1. When you scan region 245-257, do you find a residue that is touching a helix residue (DSSP H, G or I) at 6+ places or on another chain (Cβ under 8 Å), part of a loop (DSSP other than H, G, I, E, B), among the aromatic types (Phe, Trp, Tyr) and closer than 24 Å to GLN128 by Cα, even just one?
2. Considering region 282-302 alone, what residues qualify as being of a type in the set (S, T, N, Q) and more than 26 Å from the chain's Cα centre (by Cα)?
3. Which members of region 128-160 meet the condition of being closer than 21 Å to MET307 by Cβ and free of Cβ contacts under 8 Å to residues at least 24 places away in the same chain?
4. Scan region 1-44 for residues that are polar (S, T, N, Q), under 15 Å from ASN112 (Cβ atoms) and surrounded by 12 or more Cβ atoms within 10 Å (Cβ to Cβ) and jot them down.
5. Quick check on SER239: is it in a helix (DSSP H, G or I) and either in contact with a Pro (Cβ under 6 Å, 6 or more places away or on another chain) or not basic (Lys, Arg) (or both)?
6. Can you list the helices (runs of 4 or more DSSP H) lying wholly within region 55-170 that have 2 or more residues being of a type in the set (Phe, Trp, Tyr) and at pLDDT 75 or above?
7. Being in a loop (DSSP other than H, G, I, E, B) and either touching a Gly at 6+ places or on another chain (Cβ under 7 Å) or at negative phi (or both) is the requirement here; does THR210 meet it?
8. Read through the list (1) modelled with pLDDT under 85; (2) over 25 Å from VAL216 (Cβ atoms); (3) crowded, with 20+ Cβ neighbours inside 10 Å, then give the number of the only condition that ASP179 fails.
Amino acid sequence: MFIPVLYISTLIHIYSIDYLSSDPHNQRFFSYLSLFTFFMLLLASGANYFVMFIGWEGILECLKWYNFDEFFISNFVENNKNFYLLGGLVFTKDKKMKVNKLTSYQRIGPHNIDILSIIIGSVLGDTQLEKRSNGLGTRILFEQSNKNVEYLMWFHNYLSSRGYCNPNKPKLHTRIKKDNKVFYHYRINSYTFSSFNWLNEMFYSIDVKTDKLIKVVPLNIEKYLTPLALAIWFMEDGSKLGSGVRIATNNFTLEEVQFLCDVLYKKYNLTATAHVGGKNNSYVLYIHTKSVPLFSSLVKVYMHPSMYYKLGS
């Protein structure tokens with residue numbers, strides 16, 4: 001038993017080095033993974049019930065630290081109708097069985113580069129990060145109109161299947177705009193993670209004029225603007241414009257949009273400029289015609305098919 005445990009654990013460690021290279025909490029992840037391996041070995045080598053009990057309980061605690069409780073149990077109960085016993089946790093046909101939820105400071109990740117890319121790409125658009133009133137964690141507030149329902153359901157499935165939000169499908173909401181038009185939209189609220197606080201601090205700053213929080217372009221955005229993040233950003237705020245494409249950046253200043261243009265050129269050799277557009281003479285990021293084929297090759301592989309139309313022909 002020692003041989004397969006150590007062999008599989010070694011493979012997971014090696015794979016995770018690259019998979020979690022951009023996660024700010026990867027040291028904690030490897031600590032828990034090594035501790036999990038230790039308890040597995042302790043369980044396998046236990047010569048009496050007491051040692052085996054220590055190994056078993058240690059394994060369960062490690063699984064809880066991995067967010068096992070809330071994500072796995074909720075999906076397990078949802079997808080199984082019979083009676084089960086797993087790791088000391090009893091499952092019955094009663095789906096109303098109460099499962100203790102993790103608090104925000106217990107949700108510590110880790111978050112791989114794909115999750116970070118999706119969040120950061122979406123926050124560059126209209127998605128907001130909300131610091132909870134108790135200050136212990138941050139959650140994602142994602143909203144899309146009913147016109148993009150296929151993309152929204154894909155986004156929800158991606159997050160919920162990884163334990164980041166409630167697995168129940170989002171409901172349609174209505175809101176009356178200033179011009180008395182009815183706006184139909186869906187909204188996804190993620191669970192609150194203490195390990196999202198650094199994203200909140202990265203994207204929000206106090207406006208000295210109004211003394212309120214405003215969204216800003218992080219100075220280290222180049223590090224996190226992966227092709228997946230770029231695709232998410234474009235799907236949410238992008239559109240075809242003539243023979244080029246544009247991304248709405250109305251929330252950012254001219255200097256910030258120009259900075260984003262510089263990052264795109266430096267990292268992907270994409271030629272982009274800031275154009276006046278949108279409400280209140282704000283700015284949009286325009287990607288030039290000559291760079292559209294390269295841009296398309298970068299993002300299309302990550303885009304949902306329902307959003308292909310934004311790239312034009």
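1. Here is the first cut: in region 245-257, the residues touching a helix residue (DSSP H, G or I) at 6+ places or on another chain (Cβ under 8 Å) are 245, 247-250, 252.
Then keep just the ones that are part of a loop (DSSP other than H, G, I, E, B); that gives 249-250, 252.
From the residues that got through so far, the ones that are among the aromatic types (Phe, Trp, Tyr) too are 252.
Checking which are closer than 24 Å to GLN128 by Cα leaves us with 252.
Yes: region 245-257 contains one or more residues that are touching a helix residue (DSSP H, G or I) at 6+ places or on another chain (Cβ under 8 Å), part of a loop (DSSP other than H, G, I, E, B), among the aromatic types (Phe, Trp, Tyr) and closer than 24 Å to GLN128 by Cα.
2. Selection gives SER282, THR289, SER291.
3. LYS147, MET153, ASN157, SER160, listed by residue number.
4. Across region 1-44, the qualifying residues are SER16, SER22, ASN26.
5. So SER239 does not fit the description; no.
6. Fully inside region 55-170 and qualifying: 149-160.
7. Yes, satisfied.
8. All conditions are met except number (3).
The values are calculated or read from the model by the stated rules, or taken from the named source; none is laboratory data. What you see is a predicted model, and the numbers here were worked out from it, not measured in a lab. Cβ sites come from the backbone with ideal geometry, for glycine too, and all protein chains shown count toward neighbours.
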